[in-house]
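As structure tokens, the structure follows; a few thoughts come after it.
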């Protein structure tokens with residue numbers, strides 16, 4: 001009896017200790033100690049930075065790494081500073097920067113694909129680069145870099161656009177004409193052409209696309225809807241059903257690889273290998289594949305215009321350069337971002353990486369790429385057709401989570417777990433809940 | 001006078017205290033590491049489960065909100081069902097195959113070390129690599145196994161894209177990876193059984209099967225209990241090889257609770273509070289099952 005009482009007392013003491021610990025917040029409670037940025041624009045004298053060190057956390061898409069290193073050398077020479085370039089694998093970027101922020105070892109500048117995970121940590125660049133600096137960039141990409149109250153939380157450093165590629169050899173062999181970049185094909189025309197080529201050439205599939213909510217958003221955008229935009233759930237369920245029906249039909253009769261979609265679970269999966277193996281004549285991905293295909297494709301290929309439905313054009317993506325509030329050299333960090341995104345330096349960077357420009361002047365003037373100019377021009381033409389809704393969707397804090405739910409919804413239908421109406425209706429509820437949670 | 005009399009008692013008490021302290025001092029380094037890297041993070045994890053945070057630095061008090069969110073999430077209950085199916089199958093297969101392999105290896109007069117090593121090798125393979133390799137082998141169109149089956153005219157089997165088959169595959173690969181470890185525990189248990197009991201049974205005319213049922217199995221029970229406890233823990237914690245093998249698919253059919261925790265904690269939108277609450281629930285489930293196993297084992301030992 002005494003033993004039992006002792007055990008109970010020990011258990012209660014343990015629980016009380018854990019409870020007391022739980023009463024202490026594990027970190028800073030929201031709303032306390034927000035850092036304030038400088039209020040007036042600060043003038044920049046290159047000499048003021050001499051001898052300082054800047055830490056730049058970077059991830060590479062491949063060909064851009066060399067151009068970045070070259071531009072950093074130029075910056076170091078001009079400002080007499082040292083830049084530590086830390087290249088991380090993309091999948092570790094967010095957790096690694098979060099850990100560094102928690103450990104009081106924040107980098108000065110970071111390259112990001114979205115600002116959602118760091119919005120409260122980023123420096124308002126207006127104080128260093130001026131109120132009008134954002135106007136040097138295209139309005140669409142600039143939306144994604146803008147925070148509450150018009151804060152400029154980052155600079156859009158490159159732009160990507162989703163779009164299809166065609167296997168020219170297979171189209172020629174099948175006697176099917178290639179799409180005209182000036183007059184984009186419709187979804188129906190694209191699927192019909194792909195199916196004809198599949199039948200004529202005996203390829204395994206007619207159409208392939210990356211298993212990605214971002215790529216699926218291209219189709220939603222073309223059908224005039226989006227997952228989220230401007231802080232609201234923007235999904236029109238009828239339009240979403242129309243948009244997803246062709247894909248689901250193609251996966252049901254295996255014109256699109258069903259196993260590829262279902263076999264990777266919740267992981268992202270790129271279908272580039274299916275296109276490179278000539279198992280599908282049409283592949284929906286984006287302009288970042290141009291460099292890779294130029295190097296690895298053993299057949300003639302071309303970028304094709306995005307198919308139209310209610311709207312034409314693709315779905316935008318891209319990267320940002322941002323400085324952190326906890327940077328030890330905020331002025332130098334802002335100056336580094338400005339330097340990397342001057343007209344000349346952004347041109348160097350996007351030419352090397354096969355990206356599209358974010359600067360208005362570069363976009364108006366056009367970019368002369370070292371190779372595959374015709375393919376990049378297809379994307380540039382589609383950029384002009386891309387609806388603003390896409391930019392608003394891609395930059396919304398709830399987009400990433402909603403895009404994951406979109407992939408899950410398609411998987412649920414393809415895997416026979418739900419019918420399309422239920423899956424889309426559930427998707428709408430989930431996007432609404434994500435918007436509530438993240439805004 | 002009283003002080004003089006108390007002095008040897010005090011010395012005795014001091015000596016006794018020292019004697020009692022010594023074992024704790026020996027344990028101290030290990031306990032310090034265990035406390036710092038296991039107990040403290042676990043308590044902190046419980047603490048974080050009461051808050052919501054997307055960056056690990058700023059927190060908002062949620063109380064039981066994260067637990068409520070998890071327990072009212074339909075997807076979570078599907079994941080719990082998957083986890084129970086996996087863990088239960090894994091434990092049963094691990095014990096049955098472990099005992100069978102241990103008995104077979106124990107009976108070998110020659111090559112016992114060789115067979116022991118062969119069955120143990122999968123334990124040494126990185127789970128991530130094992131998942132990838134099995135994924136390549138089980139691919140429907142170009143996988144090694146379907147290519148082999150096709151050569152006998154057997155149609156392709158959708159190993160990784162059929163919900164039920166994918167779970168069977170995951171259970172099979174999980175068991176293959178761990179059974180060698182459990183076999184070694186059971187083999188040690190077998191080798192500790194006094195051979196004279198078998199000699200006596202032989203003299204009494206007991207068949208091999210009778211010997212196994214009436215001697216080996218009861219005498220092996222302490223080792224089996226260890227295997228059941230370890231396999232239950234492993235079964236509920238399975239994640240890494242499943243993530244590279246099926247990614248938790250198709251359509252979440254092989255998503256287990258650790259993947260749910262991982263995706264809340266490390267995939268955008270990051271929800272550290274929900275991930276921690278999931279971990280606490282998993283800890284409670286494993287702890288409860290371990291206690292039940294232990295109590296059953298003690299009852300049997302007492303009987």
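Readers should treat all values here as calculations from the given coordinates under stated rules, not as data from a laboratory. In this text, all values refer to a predicted model and were calculated from it rather than measured experimentally. Cβ placement follows ideal geometry from the backbone for every residue including glycine, while neighbour counts extend to all protein chains displayed.
Dividing the Cα convex hull volume of the stretch A:209-286 by residue count, how many Å³ per residue is that?
On the way: hull volume 8.2 nm³, N = 78.
Taking the convex hull of the Cα positions in the stretch A:209-286, it is 105 Å³ per residue.
P(r) for the stretch A:282-338, from all Cα pairs and a bin width of 10 Å, is 17, 29, 20, 21, 13, 0 %, short bins first.
Out of every Cα-Cα pair that the stretch B:254-303 contains, those further apart than 16 angstrom amount to 53 percent.
By the Stokes-Einstein formula, at 0.692 mPa s and 37 °C, the stretch A:49-105 with its Kirkwood radius over alpha-carbon pairs has D equal to 263 µm²/s. Note on residue B:197 and residue A:53: their simple-model spin labels are 6.6 nm apart, each label 7 Å out from Cα toward Cβ. If you bin all the Cα-Cα distances of chain B at 10 Å, starting from zero, the percentages per bin are 5, 19, 24, 23, 15, 8, 4, 1, 0, 0, 0. The rule of thumb for compact globular proteins, 2.2 N^0.38 Å, goes into the C-alpha radius of gyration of the stretch A:241-301 1.23 times.
If the chain linking residue A:232 and residue A:70 were pulled fully straight, counting 0.36 nm for each residue of separation and taking away their Cα-Cα distance, it would gain 54.2 nm.
Legend: calculated FRET efficiency, residue A:99 to residue A:419, from the Cβ-Cβ distance at R0 = 35 Å, rounded to 0.05, equals 0.25.
Annotation for residue B:44 and residue A:131: the two label points, set 7 Å from Cα along the Cα-Cβ direction, are 4.5 nm apart.
Evaluated at q = 0.09, 0.10 Å⁻¹, a Debye calculation over the C-alpha positions of chain A (equal weights, vacuum) places log10 I(q)/I(0) at -0.63, -0.76. Shape annotation for the stretch B:165-303: C-alpha extents along the principal axes are 69, 32, 20 Å, from largest to smallest.
Between B:200, B:87, B:42, the residue with the greatest mean-square fluctuation in the GNM of chain B (Cα pairs under 10 Å linked by springs) is B:200.
What does the convex hull of the Cα atoms come to per residue for the stretch A:103-229, in Å³?
Values: hull volume 22.4 nm³, N = 127.
In the stretch A:103-229, the Cα hull volume divided by residue count equals 176 Å³.
Restricting attention to the protein assembly as shown, close to 65% of DSSP beta bridges with both partner residues there are antiparallel. Taking 7 Å steps out from each Cα toward its Cβ at residue B:120 and residue B:144 produces label points 2.3 nm apart.
The stretch between residue B:92 and residue B:16, if pulled fully straight at 0.36 nm per residue, gains 22.5 nm over its current Cα-Cα span. Legend: calculated FRET efficiency, residue A:29 to residue B:237, from the Cβ-Cβ distance at R0 = 35 Å, rounded to 0.05, equals 0.65. Using the Cβ-Cβ distance between residue B:164 and residue B:24 with R0 set to 60 Å, the FRET efficiency from 1/(1 + (r/R0)^6) comes to roughly 0.70. Based on the convex hull around the alpha carbon atoms, the stretch B:1-123 presents an average projected area of 18.0 nm². Build a GNM of chain A with springs between Cα atoms under 10 Å apart, and of A:403, A:69, A:323 the one that fluctuates most is A:69. Considering only B:62, B:139, B:199, the mean-square fluctuation computed in a Gaussian network model of chain B, springs between alpha carbons under 10 angstrom, is largest for B:199.
The stretch A:264-279 and the stretch B:78-133 have Cα centres separated by 32 Å. At 10 °C and 1.306 mPa s, grab the translational diffusion coefficient of the protein assembly as shown from Stokes-Einstein with a Kirkwood Rh over Cα pairs, rounded to a whole number in µm² per second. Answer from the Stokes-Einstein relation: 53 µm²/s. Rounded to the nearest 5, the antiparallel percentage of DSSP beta bridges internal to chain A is 70%.
Taking every DSSP helix (H) stretch of at least 4 residues in the protein assembly as shown, weighting each as -39,500 (n - 2.57) and dividing the sum by the residue count yields a mean residue ellipticity at 222 nm of -18000 deg cm²/dmol. Reported value for the stretch A:37-162: 134 Å³ per residue, from the convex hull of its C-alpha atoms.
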